[in-house]
């Protein structure tokens, strides 16, 4: 029986450091090999960016089938708050962030075992309610004072990406609410509480028709890398490495691509 446990909620920034792109273990060493399946057991705690919720839940089901003696616990939140929790000693096995700068904070604190790997990339989209009552069609509309606009807070990756996109376009947005993570910003759109928000295109896709996504050219200036790593004080490092291997495997890459993520 699949046992995937969802834990709490939490918060990000910019730059890079000590992070390799793509790759990861080959498929022969990823979870699912008989050598791994017979030895992995216990709880595996994964702290992951909120935008990874649906994809990592699906990967978690796959992992549990391959390793039935393990029990996955996920905590999805803004990467910056998760990074702060790790630096302050929160016990976890794996950290998957929505920006290289957030992972860099954890690396600098000596909380990462080995070198993080970038496993996916993501870019922003404009999200509007299905009926688009504000008639939003482009990023410049975010400066219209009559509209209700939501952005992620600038300290979280989706907010930092929004700042880069808006600055590259020379737009000063008329912001009504700054949200703690991308899912909160998306929810404001779904409920019709705002006319538009900047969120990841993967979150628009995951909303399944409850919002409409609008591409905009400045999104190429605000692409975020997603790094993953096993933590230095991981209580279950072997199982943590197996989960990272699944995420970076061909099966993991296919699932991420299906969810709208770009390859690193």
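Values quoted throughout were computed directly from the atomic coordinates according to the rules given, and no laboratory measurement underlies them. Bear in mind that the values here come from a model prediction, so they are computed numbers and not experimental data. Here Cβ is always computed from backbone atoms with ideal geometry, including for glycine, and neighbour counts include all displayed protein chains.
Protection proxy ranking, highest mean first, for peptides 143-156, 174-187, 251-264: 174-187, 143-156, 251-264, where packing is the per-residue count of other beta-carbon atoms within 10 Å, averaged. Between residue 172 and residue 220, the C-beta separation translates, for a Förster distance of 25 Å, into a calculated FRET efficiency of about 0.75.
Helical runs (DSSP H, four residues minimum) scored at -39500 (n - 2.57) apiece and divided by the length of the chain put the mean residue ellipticity at 222 nm at -9500 deg cm²/dmol.
Neighbour counts of C-beta atoms inside 10 Å place 103, 57 in the sequence 57, 103, starting with the fewest. Over the stretch 124-221, the reciprocal of the mean inverse Cα-Cα separation, the Kirkwood hydrodynamic radius, stands at 12.7 Å. From a point 7 Å beyond the Cα of residue 131 in the direction of its Cβ, which residues of the stretch 197-237 have a backbone N at a distance under 16 Å? Backbone N within reach: 210-212. Ordering 142, 95 by the number of other Cβ atoms within 10 Å of each residue's own Cβ, fewest first, gives 142, 95.
Within the stretch 97-242, DSSP assigns beta bridges of which about 75% are antiparallel (rounded to the nearest 5).
Peptide packing: for 41-49, 131-139, the average count of neighbouring Cβ atoms within 10 Å per residue gives the ranking 41-49, 131-139, highest mean first. Could you tell me what % of all Cα pairs in the chain have separations over 36 Å? Distances greater than 36 Å cover 14 percent of the Cα pairs. The mean sequence distance of close C-alpha pairs (under 8 Å, at least 6 residues apart), as a share of the length of the stretch 135-244, puts its relative contact order at 28 percent.
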